[in-house]
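Student: Quick one: this structure, given as structure tokens, is what I'll be asking you about.
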Amino acid sequence: MKKAITVWFWVKILVPILLVLIGLLFFFLVVINLLAGGSSDDSQVCYPSNNDTSAGAGIGGDWKDSKSKTHKAMQAAADKFKNELHMSGDNIAAALAIGLRESQFNPKAENPSGQVKGIWQWGAGGVNGNRYKDTQDNVDSQVNLAIKELKSSHAATLTHMRNADLTHSLEAWDVHFEGVAASDPQRKSTQTLATAQRVKQVFKLDFSGSLTDLTGDDATTAQGGATLNPNNCPPATGTSSGLPVKGQYNITGGYPNYQGAGGSPHYGMDFQTVGAKENGDASNVYAVADGKVYTKAFDATGGNNVIIKNNDGSYTYYGHAPSQESIVVNKGDTVHKGQHISHQGQTGLATGVHVHFGVNKKKPAFAPQSDGLVSGGDYLSKVPRKAVPEKGQTIPAGPFSTDQDKDKK
């Protein structure tokens, strides 16, 4: 009889209780994960440019009219974001375009159920919580709220906006400020990108940013426990051209020979900035793609050189630096497109100050005829046409400028 009671007790009482407790534990774990925004890897927060997408029609309204209230409100917001957060033009254009999408940039906007309100449709006490709190229904108060959150509870937004282009700035704001998935159709990605492109033109938002200047309460703590690490990305300087030099330059040696089709074998390209010496900004060498430093070494041919394994699996070589110290990155460092990595020089077999640039799509091998070597003119999309007579070749040419679109392919 006692055994029967024990079995009944387990089956009828303890087992159901245990199942309920397990279910509640699972439910709380899911909720905590959602509130934290899921796991986040902030080691890669810089993005290659992707603003050339054909975006279609944008969001209408009177915001393009400089005399309209909406235009003036957007201009005030843009000025605050620039002056107080040091956001880039792309960052600001993204924030303004999303404000247009969410509310037509109307600080009095409120959804029918009253659960979200304001320019960026904050939760106002319903299912989304109460982020809005005692914020006033005007532009100044709501922009101040946005800035406060971007410095504290939603700092992950700025972490992912740092050095991001327009497309990825939109994604960073939507995912980390609005709280929607990157693939969510309510983002209206195509229409919002078109709007952001137009916003950038109308408000003349063509400038870089400096988001490392963040200050304020909990400025380094991002939503979900992620960390705003200023070492994740390089400063927003350098070049966005995708070339290893900046400003006025010549191509002084071609591929696969110095003259491109004949002469001494030369499985790389020589870039020489006009007036460059072995130090100073004019001699800077820049990474052409995101990647990680593979080696930093010296050899009799290339002199002091650095090899980077790019995120696309290729390897790029930058040779002839004046010294090991003039290569300003080290083995294992993460580098980003446009980051200053070295200086032009003439160590090894070199005449005149320049950087020897090589590309191998398979392995870190740059000796003549190594398997996987390709022409830098084919790999770099913005080498001027004049220097690329045909596929697989480059020839000495110039001078060119990294700022002149008319010279680019």
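Student: Please verify whether ASN106 is in a loop (DSSP other than H, G, I, E, B), surrounded by 15 or more Cβ atoms within 10 Å (Cβ to Cβ) and at pLDDT 90 or above, treating the condition exactly as stated. Steps first, please.
Tutor: Values: in a loop (DSSP other than H, G, I, E, B): yes; surrounded by 15 or more Cβ atoms within 10 Å (Cβ to Cβ): yes; at pLDDT 90 or above: yes.
Yes, satisfied.
Student: Would it be correct to say that SER169 is touching a residue at least 40 places away in the same chain (Cβ under 8 Å) and of a type outside the set (A, V, I, L, M, F, W, C)?
Tutor: Values: touching a residue at least 40 places away in the same chain (Cβ under 8 Å): yes; of a type outside the set (A, V, I, L, M, F, W, C): yes.
Yes.
Student: Next question. Would segment 339-358 turn up any residue that is in a loop (DSSP other than H, G, I, E, B) and over 20 Å from GLY253 (Cβ atoms)?
Tutor: Of the residues in segment 339-358, the ones in a loop (DSSP other than H, G, I, E, B) are 339, 344, 346-353.
From what's left, over 20 Å from GLY253 (Cβ atoms): 339.
Yes, segment 339-358 contains a residue that is in a loop (DSSP other than H, G, I, E, B) and over 20 Å from GLY253 (Cβ atoms).
Student: On to the next question. Please specify each residue of segment 166-182 satisfying the condition of being more than 19 Å from ILE119 (Cβ to Cβ), in contact with a helix residue (DSSP H, G or I) (Cβ under 6 Å, 6 or more places away or on another chain) and modelled with pLDDT of 90 or more.
Tutor: Listed by number, the list holds a single entry, LEU166.
Student: Surrounded by fewer than 19 Cβ atoms within 10 Å (Cβ to Cβ), assigned by TED's automatic domain parsing to the domain that holds PRO256 and within 18 Å of VAL288 (Cβ to Cβ), is that true of SER375? Write out each step before concluding.
Tutor: Working: surrounded by fewer than 19 Cβ atoms within 10 Å (Cβ to Cβ): no; assigned by TED's automatic domain parsing to the domain that holds PRO256: yes; within 18 Å of VAL288 (Cβ to Cβ): yes.
For SER375, the condition - surrounded by fewer than 19 Cβ atoms within 10 Å (Cβ to Cβ), assigned by TED's automatic domain parsing to the domain that holds PRO256 and within 18 Å of VAL288 (Cβ to Cβ) - is not met.
Student: Please indicate, with yes or no, whether at least one residue in segment 385-394 is closer than 14 Å to TYR267 by Cβ and among the polar types (S, T, N, Q).
Tutor: The first filter runs over segment 385-394 and keeps only residues closer than 14 Å to TYR267 by Cβ, leaving 392-394.
Within this subset, residues satisfying the condition of being among the polar types (S, T, N, Q) are 393-394.
Scanning segment 385-394, I find at least one residue that is closer than 14 Å to TYR267 by Cβ and among the polar types (S, T, N, Q), so the answer is yes.
Student: Among the residues of segment 385-402, write down those that are at pLDDT 90 or above, of a type outside the set (Gly, Ala, Ser) and within 14 Å of GLY247 (Cβ to Cβ).
Tutor: Selection gives PRO399, PHE400.
Student: Here is a further query. Can you tell me how many residues in segment 257-278 are closer than 17 Å to THR316 by Cβ and not hydroxyl-bearing (Ser, Thr, Tyr)? I'd like the intermediate steps shown before the answer.
Tutor: Restricting attention to segment 257-278, the residues satisfying the condition of being closer than 17 Å to THR316 by Cβ are 266-271.
Checking which are not hydroxyl-bearing (Ser, Thr, Tyr) leaves us with 266, 268-271.
The number of residues fulfilling the criteria is 5.
Student: Would segment 336-351 turn up any residue that is without any contact (Cβ under 8 Å) to a residue 40 or more places away in the chain and out of contact with any strand residue (DSSP E or B) (no Cβ under 8 Å at 6 or more places or on another chain)?
Tutor: The answer is yes; a qualifying residue exists.
Student: Could you say which residue among GLY238, GLY260, GLY209 is modelled with pLDDT under 95 and assigned by TED's automatic domain parsing to the domain that holds ALA321? First the steps, then the outcome.
Tutor: Numbers: GLY238 fails: assigned by TED's automatic domain parsing to the domain that holds ALA321; GLY209 fails: assigned by TED's automatic domain parsing to the domain that holds ALA321.
Sole residue among the options that is modelled with pLDDT under 95 and assigned by TED's automatic domain parsing to the domain that holds ALA321: GLY260.
Student: Moving to a separate point now. Whether any residue in segment 321-333 is under 16 Å from PHE271 (Cα atoms), of a type in the set (D, E, K, R) and more than 26 Å from the chain's Cα centre (by Cα) is what I want to check. Even if it seems obvious, please write down each step before you answer.
Tutor: First, pick out the residues of segment 321-333 that are under 16 Å from PHE271 (Cα atoms): 321-322.
After this cut, where a residue has to be of a type in the set (D, E, K, R) as well, the list is none.
Checked segment 321-333: no residue is under 16 Å from PHE271 (Cα atoms), of a type in the set (D, E, K, R) and more than 26 Å from the chain's Cα centre (by Cα).
Student: Exactly one of these conditions fails for ASP290: (1) closer than 22 Å to GLY392 by Cβ; (2) modelled with pLDDT under 90. Give me its number.
Tutor: Condition not satisfied by ASP290: (1).
Student: Could I ask something else about it? With respect to the numbered conditions (1) surrounded by 21 or more Cβ atoms within 10 Å (Cβ to Cβ); (2) touching a Leu at 6+ places or on another chain (Cβ under 9 Å); (3) under 27 Å from LYS69 (Cα atoms); (4) modelled with pLDDT under 95, which one is the sole condition not fulfilled by VAL116?
Tutor: Of the numbered conditions (1) surrounded by 21 or more Cβ atoms within 10 Å (Cβ to Cβ); (2) touching a Leu at 6+ places or on another chain (Cβ under 9 Å); (3) under 27 Å from LYS69 (Cα atoms); (4) modelled with pLDDT under 95, the odd one out for VAL116 is (2).
Student: Consider segment 263-286. How many of its residues are under 14 Å from THR402 (Cβ atoms) and surrounded by 15 or more Cβ atoms within 10 Å (Cβ to Cβ)?
Tutor: The first filter runs over segment 263-286 and keeps only residues under 14 Å from THR402 (Cβ atoms), leaving 271-274, 276, 281-282, 284-286.
So of that shortlist, the ones also surrounded by 15 or more Cβ atoms within 10 Å (Cβ to Cβ) come out as 271-273, 276, 282, 284-286.
Adding up the residues that qualify gives 8.
The values are calculated or read from the model by the stated rules, or taken from the named source; none is laboratory data. Computed from a predicted structure; not experimentally measured. Positions of Cβ are backbone-derived with ideal geometry, glycine not excepted, and every protein chain shown enters the neighbour counts.
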